[in-house]
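Working notes for the structure below.
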Amino acid sequence: MDEYLDWIARNGGSYSKLDFRRVHATETVYPNDTFATVPFRVTITEKVARKTFADLSDVSCRNVMALFVAYQSLLGDQSFYAPYLNILPKQILTPFFWETEDLHYLDQTNLATAVRERKLNIFNDYEALVVRLSAELRTKITWELFLWAYTVLTSRAFPYTLIDPTHTEPSEVLFPLVDSLNHKPNTKITWVRSGDDQSGSLSFVSGQVFNAGEEMFNNYGPKVK
């Protein structure tokens, strides 16, 4: 966690009155306090992914970003995003990762059919995608790794309009720190954007009091200025 927070700080991010290890306030946070700022340069966007895989322009945003996350994870500490990727859960306990025997517990439910159909669709996309990679990457980006990266996106990504509100095509972004706080309805938080999509940042501004020791929550509803 220290490496992760240092990486955020080295790239222009900051936070105060907040312990990100426990996601609790270290002292009282008052309305209008800015308690975290995250630079856009640490985010993982479709634009960044397509620079690496420029020949996959016809591949969907979700799939090319999943491929990019998988590729960056293979780079290990050589990846710029390593401090962020290293704090992501290695196991994501959605039904996509259940053993076949466990999936039988969903039999006779709509969820069972939905899981099997969705996983098959993702697998078909993976098979169509992986054959277009270099021989080296083809062997390293396994189905299991791709599915993990894909699920990271489905569980953590935000709309790209947080970075560029003029962007009209569907697109996503992985936003370090922003994805650290749990969602709680009616939490009064404003996300304030500043600068452009290259050098800008996103800040959390509290709209309520968080007492010292209290968990700090996010609110994923519409809120961007």
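The values are calculated or read from the model by the stated rules, or taken from the named source; none is laboratory data. These numbers come from a predicted model, not from an experiment. Cβ: placed from backbone, ideal geometry, glycine included. Neighbour counts: every protein chain shown.
Among the residues of segment 159-205, which ones are surrounded by 14 or more Cβ atoms within 10 Å (Cβ to Cβ), among the polar types (S, T, N, Q) and either under 18 Å from the mean Cα position of the chain (by Cα) or assigned to a loop (DSSP other than H, G, I, E, B) (or both)?
Within segment 159-205, Thr161, Ser171, Ser180, Thr187, Ser201, Ser203 qualify.
Return only the number of the condition from (1) at pLDDT 90 or above; (2) part of a helix (DSSP H, G or I); (3) surrounded by fewer than 17 Cβ atoms within 10 Å (Cβ to Cβ); (4) not small (Gly, Ala, Ser) that Leu103 does not satisfy.
With (1) at pLDDT 90 or above; (2) part of a helix (DSSP H, G or I); (3) surrounded by fewer than 17 Cβ atoms within 10 Å (Cβ to Cβ); (4) not small (Gly, Ala, Ser) applied to Leu103, the lone miss is (1).
Limited to segment 64-83, what total is found for residues that are hydroxyl-bearing (Ser, Thr, Tyr), over 15 Å from Trp143 (Cα atoms) and within 15 Å of the chain's Cα centre (by Cα)?
Number of matching residues: 1.
Can you give me the number of residues within segment 40-78 that are surrounded by fewer than 19 Cβ atoms within 10 Å (Cβ to Cβ), among the polar types (S, T, N, Q) and not in a helix (DSSP H, G or I)?
2
Limited to segment 112-136, what total is found for residues that are surrounded by 13 or more Cβ atoms within 10 Å (Cβ to Cβ) and either not assigned by TED's automatic domain parsing to the domain that holds Ser57 or not in a loop (DSSP other than H, G, I, E, B) (or both)?
11
With in contact with an Asp or Glu (Cβ under 7 Å, 6 or more places away or on another chain) and either small (Gly, Ala, Ser) or within 14 Å of Val29 (Cα to Cα) (or both) as the only criterion, which of Ser194, Ser201, Ser171 stands out?
Only one candidate passes the filter, namely Ser171.
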